[in-house]
Amino acid sequence: MVKNLHLLKSAGVVLLLFGLALVVISCDSLAPAPPTHPSGQDPMENWESFDAMVATPEPTRVPIAVVPPPTPTKVPTPTPPPAIMAPDDGCVTCHSSEEMLKETAKEEEVAEVLSEGEG
Amino acid sequence: MEGWEKVILSNQEFAETIHGKMGCVTCHNGDGSADEKEAAHQNMRREPIAAEACDQCHTNAHSDSNSLHSTLKGYTHALEQRTTDESMSVIMEEAFGNHCEACHTSCGQCHVSRPTSAGAGLSAGHEFKKVPPMNLTCTGCHGSRVENEFKGKNEGIPADVHWTQGGMPCFECHTEDQMHGNIEPAPEYRYDGAPDPPCTQCHEEVLEGEGASEHRRVHIENIQCQVCHAADYKNCYSCHVQKSEEGTPFYKIEPSVMDFKIGLNPNITEDRPWKWIVVRHAPVDPDTFAYYGDDLLPNFDQRPTWLYATPHNIQRNTARTESCSSCHGNKDIFLSEDDLLPYEIEANQGVVVPEDEIPAPRGR
């Protein structure tokens, strides 16, 4: 059953194509003679004059689309770097040296203890 | 300690600790890149501000502002009772700063260095001590009375049994919350609110009348524990503050007296309901601030000079526990007008024990 359908379809297509072919041939034979150009030349043989004959509108100048540059891929925001600690090398250098401190860490002269009695 | 010893970073490992890694300038300001001392110490803070430094991580540090060590409210509380607004402002203008503010502490003065009033200086090469060393901090300041009582340094007076037998340092009773002011409501003075800690926190059996026949209700409800269990303690007299010609503040005080007195509680509360309390003499007199102005304690009589006390020399057996007659019928042990100096008779009317109120003799 299916095979018969396929055969019928194929036959139909062939017939259609044959019919089209007949139409084209006949149209061609019926096509009017090309107009005789005053110069006697076949305008079709002179494309430039043909173009002159065929008025084509000036193409509308379309502004060239400005394609924006591609958006850069967002880089993940890095964890803020740790705050830059103020240097303390000077502190440590001095305050780790007994020699330096003995020279510089001088307390104000202690006033004579004037208090009398237990506090 | 010599000057250099107070500021030396002797602990080589400190830089690797969490505090060391913060860097000096973070807490102390100054300029750590400078080579010269003057430049390096420009805008330096010897003592970081807790709210800016410690509070970054130790979020409860802000409550330090409620600590009596920080606020010194106990001092102002006492002064306000004896002054007017006018005289108080005179005292606060200079005298308070010269003679009282040295007791103000901060986080670092316990956890990093010695308190300023005890000489200052790093206690352990800038190491941060979670539990401050008792001998440098607590008794570094509370020396002449508390330490001497607690450790038995008063001649002839034994040390507190909590120290000798219990091996208990200060912070066993005086907790972190108390030191940091994490108490609500914030106390106005050290005996404000409930006893902290109360004796019965550990000695619960006393409430049931156990431990001694004298622990029956009539005693427990009416007598402060220290009345029976404290030994003689130091009483101070007549402190006068002034400045030298060079502007150095100093004080003069009369010699102290070892004694023991039971007085009437002038401020009976639910927290401290006892009628009978131990009283200690405070060294204030009407001319304490005379150097700074006339009559600066115009309301001197509004506050006793014999004050509620908790001597830190607790014993199981004392002169009071020898027999009933140690107190009953014993006039000498109760505060009387004979014990008062002329200028303080009026001030202590609520504390002196009238003769007819002295407990009658009882036999045993």
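Read-outs throughout are calculated quantities, based only on the coordinates presented, and are distinct from any laboratory measurement. Note that this is a predicted model, so its numbers are computed, not measured. Here Cβ is always computed from backbone atoms with ideal geometry, including for glycine, and neighbour counts include all displayed protein chains.
When the Cα atoms of chain B are aligned to their principal axes, the ranges along those axes come out at 79, 50, 38 Å in descending order.
Assuming a ≥ b ≥ c are the square roots of the Cα gyration tensor eigenvalues, decide whether region B:23-180 counts as rounded (a/c under 1.5), prolate (otherwise, with a/b larger than b/c) or oblate. Here region B:23-180 falls in the oblate category. Against the compact-protein benchmark of 2.2 N^0.38 Å, the Cα-based radius of gyration of region B:25-74 scales to 1.46. Is the C-alpha gyration tensor of region B:178-242 telling us rounded, prolate or oblate? Criteria: a/c under 1.5 is rounded; beyond that, a/b larger than b/c is prolate, otherwise oblate. Verdict is oblate for region B:178-242.
If you sort the three axes of the alpha carbon gyration tensor as a ≥ b ≥ c, you get a/c of 1.5 or more for region B:52-139 and a/b above b/c, which makes it prolate. Taking only the C-alpha atoms of region B:1-92, Rg followed by Dmax gives 18.8, 53 Å. When shorter helices are ignored and each DSSP H run of at least 4 residues is given -39500 (n - 2.57), the per-residue value for chain B at 222 nm works out to -3500 deg cm²/dmol. Residue by residue along B:35-47, Cβ atoms of other protein chains within 10 Å of the local Cβ number 2 on average.
Normalised by the number of residues in chain B, the average gap of Cα pairs under 8 Å and 6 or more apart makes the relative contact order 16 percent. Pairs of Cα atoms nearer than 8 Å and 6+ residues apart set the relative contact order; for region B:218-260 it is 40 percent.
Between helix B:73-82 and chain B there is an angle of about 50 degrees, using the helix long axis and the longest principal axis of the Cα atoms. Converting phi to 3J(HN,Hα) with the Karplus coefficients 6.51, -1.76 and 1.60 and the offset θ = phi - 60°, region B:323-333 yields 7, 4, 5, 4, 10, 5, x, 9, 5, 4, 7 Hz in sequence order, with x at every glycine or proline. Here each label is just a point 7 Å from Cα along the line to Cβ, and for B:Ile345 and B:Gln201 those points are 4.2 nm apart.
Only Lys, Arg, Asp and Glu carry charge here, each on its Cβ (+1 for the first two, -1 for the last two); on that basis region B:229-271 has a dipole of about 140 debye about its Cα centre. The count of lysine pairs in region B:1-129 with alpha-carbon distances below 25 Å, taking only pairs 8 or more places apart or on different chains, stands at 5. Length gained on full extension, B:Ala51 to B:Tyr189: 47.4 nm, using 0.36 nm per residue less the C-alpha separation. Just checking the listed ones, B:Lys331, B:Lys37, B:Lys252: in the Gaussian network model of chain B with Cα springs under 10 Å, the one fluctuating most is B:Lys37.
Here the spin labels are modelled as points 7 Å beyond Cα on the Cα-Cβ line, and at B:Glu176 and B:Met22 they lie 1.6 nm apart. What GluC sites (Glu not before Pro) does region B:121-176 have in DSSP loop regions with at most 10 other beta carbons within 10 Å? When the GluC sites (Glu not before Pro) of region B:121-176 are filtered for loop state and at most 10 Cβ neighbours within 10 Å, B:Glu155 remain.
Select from B:Ala319, B:Ile345, B:Leu307 the residue farthest towards the positive end of the dipole of region B:260-357; place +1 on Cβ of Lys and Arg, -1 on Cβ of Asp and Glu, and compute about the Cα centre. The listed residue farthest towards the positive side: B:Ala319. Going toward the positive end of the dipole of region B:195-265, with +1 on Lys and Arg Cβ and -1 on Asp and Glu Cβ, which of B:Ile220, B:His203, B:Thr248 do you reach last? Farthest along the dipole direction, towards plus: B:Thr248. Remark: region B:280-364 carries a charge dipole of roughly 840 debye about the Cα centre, counting +1 on each Lys and Arg Cβ and -1 on each Asp and Glu Cβ.
In chain B, what percentage of the DSSP-assigned beta bridges are antiparallel, given to the nearest 5? The antiparallel fraction comes to roughly 90 percent.
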